[in-house]
Each structure stands twice: as structure tokens, then as C-alpha cells.
Amino acid sequence: MIDTVTIEKTLVSNSRISELDMENIQFGSYYSDHMFVADYRDGAWSDCRIVPFDDIRVSPAMSVLHYGQSVFEGLKAYAGSNGEVLVFRAIDNFLRLNESAARMCMPALPEEIFMGGLKELLQTDRVWVPTDEGTSLYIRPFMFATDEFIGVRPSDTYRFIIFTSPAGAYYSEPVRVKVEKYFSRAFPGGTGAAKAAGNYAASLYPAKLAQEAGYHQLIWTDGLTHQFIEEAGTMNIMFVIDDKVITSKGGETVLDGITRKSVLELAREWGYTVEERNVSVREVIEAIEKGSLKEAFGTGTAATIAQIAVINNDGQDYQLPPVADRIFSNRVLKELNDIKTGRIEDRHHWNVIV
Ligand SMILES: *Cc1c(COP(=O)(O)O)cnc(C)c1O
């Protein structure tokens, strides 16, 4: 049992919901009417409130703008068939936010503020959860440093916000990815395991170069030798070689994805051999050449499964098997979608019901 939290509410006088074309939602361009906000000062979180989604006032000296203490999460809520809202594995996002915060020298958020704020916000903006097949409400919790001070030190004050954004049916074309052998996303002792804004900032330039070369994303390799595969863009990466599901092991250079965890759990239940270990670029290329690589895909909240069509390594494109033939990832995608929307029994108790 967790404590409940008192949330002050200021509601909009006119909802913007009628501006939203539910049939044709552009991801990341619409925000629900309200947001949840809490502030950290004098060593404690306080002032939990739900207010209209709006601009926030920022001092030019606000420390996050200069030194980047900022962490975030991304998760999704789905409309269940009986009017309830299902949020997929929200507790795991809460725990991971606090792990990211610790690495960035930021304070932990109590569970009752994260979960209580999230539930209250979803109840308040219930009408913003899209109901069409494949749609969801994307949830963005984040925390940032708010001291008006430009000396270099951890901020004394922070703000935590959750806002939500309706997301249309996500269809991602199978992607072309390029193995990155120079730039690094993460390295031992670095911040790769944290969902920190700065990691994203540092990844934009290498990703842009890959896009200019005709690829959607990079495959990040380890920062020391560039021989081992770590992630694909902003997703975890998995391969099915022979009948084994293989992925780079977690640890400090890989973001511990909640989709990754869920996919591996299902794979084990279905009797697949799962290997979490170092995966070398060479092993993957050899498996493609031998025909033993059956599937390659990214995993993450946005797409759930993003199929990889082409891998480029050292200037050469390798074409992967047709998506229609990929038994494991197609099955896993369907199973996860069915669990998230309540179409099948949630036997792992992954959904938080609002
Ligand atoms: C968020 C993220 C993922 C995927 O995590 P999910 O919890 O599955 O959404 C993978 N890699 C990176 C770098 C990320 O930031």
C-alpha cells in the first residue's frame, strides 16, 4: 500500500479535444488538455497539481538549459474494451526514472507522486485516450533542474511534469540501419543506462549522418572496440539466429528497455532459447551470409517492434529475410498488442488499470 497524494486541480474551461482529428493523428503534435506538475525544493517534493497544458516560465539562468540535468520516460496508455484505461508496465517506468535521476545527481520521486499523478491525469484527460485499433495515448514524464544559478553543481530545485499526447496507429516501415564504427552512444562509466536528455542530444549528429547516407538509423556498437552490437537508434536490438533469440546484455552501456524485457519474457515462456550476451557485428554478418539469421528488429515503446530490412556494415548492404516470414517477432508484436489493449488475459500483471 502506498500513501495517497493530495493533488490540487485547475481545469481548463474549454477542452481542445474537438481540434483533434482522431482518424489522422500526427505523433507528437497534439497535447491533452492537462499536465501533472510537482516541484522539489528544500529537500522534498511538494505542490502536486494538475493544471492546463501550457508554456512554463523559464529563467535564462535555469540550470537545466546550461548543464543538462534532465531525464525522461516514455510509456503508453490504451483504451480497454470496457471503458477502462490500461497503462503498460508503468511501475517499471517509475523505477527507471529514479535510476536515471540518480545517475544525473537528481532526487528520487516517491512512487505515490509518480503513480498517483499519472492516474489522476489519465482520469482527468480520459477523453484523450484514442480508441481506434492501433492507437494509444503516449505519456511523457520528465524531470529537470530548475535552479536559477549558473555555477556548476547539482541543482537544489527540480520540476517533474507528466503530459500526454494522442498517438495514431503506428506503422513503421521496415528500417535500413547502418552499423556505426566511429561515434559512440555509450561507454563504460558513461550515462548510457540512463534515459537522459543529453544522451539524445549526443546521438542526433551521428544519426543525421546515417540518414544522409540513406539509412533510417544507426546500430550503435560498443564504445571501446566498435565490434559488439549494443542498440539500434533509440531502441534495443534483437536477432533470431537459428531458433535462438539473441540480444546484447544489459548493463551500463545499454538502456534497459521495458519492451526488451517483455519480449524476452514471452520468448522464454514460448520455449525459445534466449541469450543475453555480447553480440559481435561479425557474428551477425556471418549469420546473414549463412542464412541462419532469421529476424532482426528493434524494440521500444514507440513501435513495440521495428523490423530491420537492411543492415549496412563497412559500406556493404545486407538484405534480411522478408518480414512476413518472421515468426517470432510477428507473434510477439501481436501478443504484446493483445495484452496492452486487454484483448487477452494479462497473466503477468503488466497493466495498470485506471
Ligand atoms: C527508451 C529507450 C529504449 C527503449 O525502452 P522502452 O522502455 O522499451 O521504451 C531503448 N534504448 C534507448 C536508448 C532508449 O532511450
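Do you know which of the residues in the stretch 251-272 that are of a type in the set (D, E) and closer than 13 Å to A193 by Cα is nearest to the ligand (Cβ to nearest atom)?
Applying the filter and picking the extreme gives D256.
Here is a list: T191, T157, T146. Which entry is in the same structural domain as V254 (by TED's automatic domain parsing) and either among the β-branched types (V, I, T) or in contact (Cβ under 8 Å) with a residue 24 or more places away in the chain (or both)?
T191
Please count how many residues of the stretch 275-299 are in contact (Cβ under 8 Å) with a residue 60 or more places away in the chain and more than 16 Å from the ligand (Cβ to nearest atom).
Residues flagged as in contact (Cβ under 8 Å) with a residue 60 or more places away in the chain and more than 16 Å from the ligand (Cβ to nearest atom) within the stretch 275-299 amount to 1.
Would you check which residues across the stretch 241-273 are under 22 Å from the mean Cα position of the chain (by Cα) and either among the β-branched types (V, I, T) or at positive phi (or both) and list them?
V245, I246, T247, G251, T253, V254, I258, T259, V263
Right, Y215: touching a strand residue (DSSP E or B) at 6+ places or on another chain (Cβ under 6 Å), in the same structural domain as F183 (by TED's automatic domain parsing) and either more than 14 Å from the ligand (Cβ to nearest atom) or part of a loop (DSSP other than H, G, I, E, B) (or both) or not?
Yes; evaluated as a whole, the condition is true for this residue.
Mind telling me which of the residues D338, D346 ends up being more than 18 Å from I229 (Cβ to Cβ), part of a helix (DSSP H, G or I) and of a type outside the set (V, I, T)?
When all the criteria are applied, what remains is D338.
If only one of I91, I56, I50 is under 19 Å from T341 (Cα atoms) and either in contact with a strand residue (DSSP E or B) (Cβ under 6 Å, 6 or more places away or on another chain) or not basic (K, R) (or both), which one is it?
Residue meeting the stated conditions: I91.
R126: within 16 Å of the ligand (Cβ to nearest atom) and within 18 Å of M35 (Cα to Cα), yes or no?
Criteria not met by R126.
For (1) over 25 Å from D346 (Cα atoms); (2) in the same structural domain as E295 (by TED's automatic domain parsing); (3) surrounded by 18 or more Cβ atoms within 10 Å (Cβ to Cβ); (4) not hydrophobic (A, V, I, L, M, F, W, C), each residue gets a yes or a no:
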| position | (1), (2), (3), (4) |
| --- | --- |
| G74 | no, no, no, yes |
| A79 | no, no, yes, no |
| G83 | no, no, no, yes |
| L86 | no, no, yes, no |
| R103 | yes, no, no, yes |
| Q123 | no, no, no, yes |
| V127 | no, no, no, no |
| T135 | no, no, yes, yes |
| I161 | yes, no, yes, no |
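Checking the condition within 13 Å of the ligand (Cβ to nearest atom), surrounded by fewer than 16 Cβ atoms within 10 Å (Cβ to Cβ) and either within 18 Å of the chain's Cα centre (by Cα) or not in a loop (DSSP other than H, G, I, E, B) (or both), which residue from A194, A186, A201 passes?
Step by step, each of A194, A186, A201 is checked, and only A201 is within 13 Å of the ligand (Cβ to nearest atom), surrounded by fewer than 16 Cβ atoms within 10 Å (Cβ to Cβ) and either within 18 Å of the chain's Cα centre (by Cα) or not in a loop (DSSP other than H, G, I, E, B) (or both).
Inside the stretch 225-250, can you point out the residues that are part of a loop (DSSP other than H, G, I, E, B) and away from the ligand (no atom under 13 Å from the Cβ)?
Once the filter is applied, which keeps residues that are part of a loop (DSSP other than H, G, I, E, B) and away from the ligand (no atom under 13 Å from the Cβ), the stretch 225-250 yields T225, H226, Q227, D242, D243, K249.
If you go through the stretch 300-338, how many residues are in contact with a Phe, Trp or Tyr (Cβ under 7 Å, 6 or more places away or on another chain) and either without any contact (Cβ under 8 Å) to a residue 60 or more places away in the chain or assigned by TED's automatic domain parsing to the domain that holds I139 (or both)?
1
I'd like the residue in the stretch 322-349 that is farther than 12 Å from A79 by Cα and touching a strand residue (DSSP E or B) at 6+ places or on another chain (Cβ under 6 Å) and, out of all such residues, is surrounded by the fewest Cβ atoms within 10 Å (Cβ to Cβ).
That would be V323.
Check every one of the strands (runs of 3 or more DSSP E) wholly within the stretch 3-94 and list those with 3 or more residues that are of a type outside the set (S, T, Y).
By residue number, 34-41, 44-52, 75-79, 85-88.
Restricting to the stretch 71-108, name every residue that is within 11 Å of the ligand (Cβ to nearest atom) and at positive phi.
The answer is R89, and nothing else.
Given the condition surrounded by fewer than 22 Cβ atoms within 10 Å (Cβ to Cβ) and touching a Leu at 6+ places or on another chain (Cβ under 7 Å), answer yes or no: does some residue in the stretch 247-265 qualify?
no
Taking E173 as the residue in question, decide whether it is away from the ligand (no atom under 16 Å from the Cβ) and more than 30 Å from M106 (Cα to Cα).
yes
For residues that are in contact with a Phe, Trp or Tyr (Cβ under 8 Å, 6 or more places away or on another chain) and exposed (fewer than 15 other Cβ atoms within 10 Å of the Cβ), tally how many sit in the stretch 137-158.
1
The values are calculated or read from the model by the stated rules, or taken from the named source; none is laboratory data. Just so it is clear, the structure is predicted and the values come from calculations on it, not from any experiment. A quick note on method: Cβ atoms are made from the backbone with ideal geometry, for glycine too, and the neighbour counts reach across all protein chains shown.
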